[in-house]
1. Considering only region 17-46, state which residues are touching a strand residue (DSSP E or B) at 6+ places or on another chain (Cβ under 7 Å) and of a type in the set (V, I, T).
2. What number of residues within region 94-139 are touching a strand residue (DSSP E or B) at 6+ places or on another chain (Cβ under 8 Å), over 30 Å from R163 (Cβ atoms) and part of a loop (DSSP other than H, G, I, E, B)?
3. Looking at region 180-201, which of its residues are crowded, with 16+ Cβ neighbours inside 10 Å, at pLDDT below 80 and more than 23 Å from R163 (Cβ to Cβ)?
4. Considering every residue within region 180-196, establish whether at least one is hydroxyl-bearing (S, T, Y) and either out of contact with any Asp or Glu (no Cβ under 8 Å at 6 or more places or on another chain) or within 20 Å of L5 (Cβ to Cβ) (or both).
5. How about region 108-144: which of its residues are in contact with a helix residue (DSSP H, G or I) (Cβ under 6 Å, 6 or more places away or on another chain) and of a type in the set (G, A, S)?
6. Which ones in region 219-234 are without any contact (Cβ under 8 Å) to a residue 40 or more places away in the chain and surrounded by 11 or more Cβ atoms within 10 Å (Cβ to Cβ)?
7. Name the helices (runs of 4 or more DSSP H) wholly within region 140-250 that hold at least 3 residues that are under 17 Å from the mean Cα position of the chain (by Cα) and farther than 14 Å from L17 by Cα?
8. Would you confirm whether any residue within region 52-66 is assigned to a loop (DSSP other than H, G, I, E, B), out of contact with any helix residue (DSSP H, G or I) (no Cβ under 6 Å at 6 or more places or on another chain) and not hydrophobic (A, V, I, L, M, F, W, C)?
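The values are calculated or read from the model by the stated rules, or taken from the named source; none is laboratory data. Since the structure is predicted, the reported quantities are computational estimates derived from the model, not experimental observations. Cβ sites come from the backbone with ideal geometry, for glycine too, and all protein chains shown count toward neighbours.
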Amino acid sequence: MATILAVHAHPDDLDILAGGALAYLSSVGHRVVMVTATAGEGGSAEVGPVETARLRQAEAAASAAHIKAEYRCLRFPDLGVFNDDASRRAVTELLREVRPDMVITASPADYHPDHEAISVLVRDACFAAPVANYKTGGAAALAGIPALYFTDAIGGRDRDGNRLKRDFGADITRHFAVKKAMIAEHRSQVAWVARQHGVADFLADTEAWSRHVGADFGVAYAEGFRQYLHTPYPKAAVLQQLLGPLLLNP
């Protein structure tokens, strides 16, 4: 069985963009570790940052529990994720502790600066994790660079509105009910998303996105992914093979 490390910026991001695929992977016996860079403490206009962070981490843990995944938070500040040395070492130590066969992270182009920053940090930490002289903490260096994948961006577009490509998809139709239950745990975000993003129904909007991606592949619901193949990252199609019958080619 494989270990899958999924890292994104805020407590609801992985649920929206990869919750169905992660639900399937866990259901067939793989270890899934879901990590957020921040506790999402900026996501409220009614509650202060400390209480918001506590609440949002509890929601993320409840969401992960639906698929028997582990949940961790790196506790970087919300709107304060940057590609600096301390942050890179923290993410590298995470990889060394979890020892994943495969890593899924945010799209390198997205609407939110935290999304873009954690994408770069995870990409570079995958490179650094096998470098024994790059000291990070108590965990030993990895034997090699793990396979790396990016989710879709929110809405599938960059900050200029340009559509971003994906390499393949996962048919999450049979796992959409679990994904919907995961997203529903993020109750604190209903009012915030309506205020900040103008989205009146948070759950319906995320369902519409999964349906939109599904339409691109000719299925009811889907999620999109892209593999990072630049030298010296692995070329093996690890996630594609693990998805098995769920794999959707363009």
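1. Within region 17-46, V32, V33, V35, T36, T38 meet the criteria.
2. Residues meeting the conditions: 2.
3. The answer is W192, and nothing else.
4. So the first thing to find is which residues in region 180-196 are hydroxyl-bearing (S, T, Y), and the list is 188.
Retained after the next criterion (residues that are either out of contact with any Asp or Glu (no Cβ under 8 Å at 6 or more places or on another chain) or within 20 Å of L5 (Cβ to Cβ) (or both)): none.
So far as region 180-196 goes, no, none of its residues is hydroxyl-bearing (S, T, Y) and either out of contact with any Asp or Glu (no Cβ under 8 Å at 6 or more places or on another chain) or within 20 Å of L5 (Cβ to Cβ) (or both).
5. Result: A125, A128, A129, G137, A139.
6. If we filter region 219-234 for residues that are without any contact (Cβ under 8 Å) to a residue 40 or more places away in the chain, which is where we start, we get 229-231.
Matches in region 219-234: L229 only.
7. Details: elements: 176-184, 189-197, 202-217, 238-243.
Ranges flagged: 238-243.
8. Going through region 52-66, the residues assigned to a loop (DSSP other than H, G, I, E, B) turn out to be 66.
Restricting the remaining residues to those that are out of contact with any helix residue (DSSP H, G or I) (no Cβ under 6 Å at 6 or more places or on another chain) gives none.
Taking every residue of region 52-66 in turn, none turns out to be assigned to a loop (DSSP other than H, G, I, E, B), out of contact with any helix residue (DSSP H, G or I) (no Cβ under 6 Å at 6 or more places or on another chain) and not hydrophobic (A, V, I, L, M, F, W, C).
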